[in-house]
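Taking it in order: structure first as structure tokens, then the write-up.
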Amino acid sequence: MTPVEKIMRTAPVIPVLVIEDAAHARAIAEALVAGGLPVLEVTLRTAAALDAIAEMKKVPGAIVGAGTVVDVAGLDSAIAAGAEFIVSPGLTDNLGKAAVAKNIPFLPGVASAGDIMRGLDFGLTHFKFFPAEANGGLPALKSLIGPFGQCKFCPTGGIKQETAADWLAVPEILCVGGSWLVGKGVPDVAAIESAARAASALRN
């Protein structure tokens, strides 16, 4: 099993996190891990993201990666902060080459057959289907799985607790990305842990 597949099979949901204040990062990570979701994607959408990755890495059992990585500079910054895997919204030649060269688990975003073929050219077989719901939802991804059955997917974007099980019922879908687990502002750790427990029960 490849390192990226091992990460994808760790839990059915990867929380997609937008951390505004790095001081909240550790509490959020502890609540998610306690609830059974140890794989954490910190999106590089805020000034606090890199510090948040470093803080979350201190939580026992947490597997912390960086999301919204859109260029090589972001890739390098995320790795320097301690990211254990990289997630991108799309796939460019520059980013693909750099991620493969760094030998870090990499989950690039794909939305079409052409995207997947570009990834296969890099030797990649594990992808984030994004934006999942806006891009045609489960029927669209099932259509792509047809010619690309050797690939595995983590759909992200618009998926909720109520719909995640439908996606996870497809064998080629190893996990889903979820942004519903953590609200904005000061973290309600009890609510986060409860949401994580419900999500972690969504087994294939």
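Below is a table of values for the structure above.
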{"read-out": "Spatially proximal lysines relative to Lys128 (Cα-Cα < 23 Å; intrachain offsets below 8 disregarded)", "value": "Lys6, Lys57, Lys97, Lys102, Lys142, Lys152, Lys160"}
{"read-out": "Rule-of-thumb Rg ratio for the chain [Cα; 2.2 N^0.38 Å; N residues]", "value": "0.94"}
{"read-out": "Qualifying GluC sites (Glu not before Pro) for the stretch 1-52 [loop in DSSP, other Cβ within 10 Å: at most 12]", "value": "none"}
{"read-out": "Added length on full extension, which subtracts the Cα-Cα distance from 0.36 nm per residue, Arg45 to Thr10", "value": "10.1 nm"}
{"read-out": "Value of [θ]222 nm, deg cm²/dmol, for the chain, DSSP H segments ≥ 4, -39500 (n - 2.57) each, nearest 500", "value": "-11500 deg cm²/dmol"}
{"read-out": "Sparsely packed trypsin sites (Lys or Arg not before Pro) within the stretch 67-160, loop by DSSP, other Cβ within 10 Å at most 13", "value": "Lys160"}
{"read-out": "Set of aspartates and glutamates with alpha-carbon distance to Lys58 below 14 Å, sequence-local pairs under 8 removed", "value": "Glu30, Glu84"}
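We did not get these values from a lab; they are worked out from the coordinates using the rules stated. None of the values given here were measured: they were computed from a predicted structure. Here the Cβ is made from the backbone with ideal geometry for all residues, glycine too, and neighbour counts use every protein chain on show.
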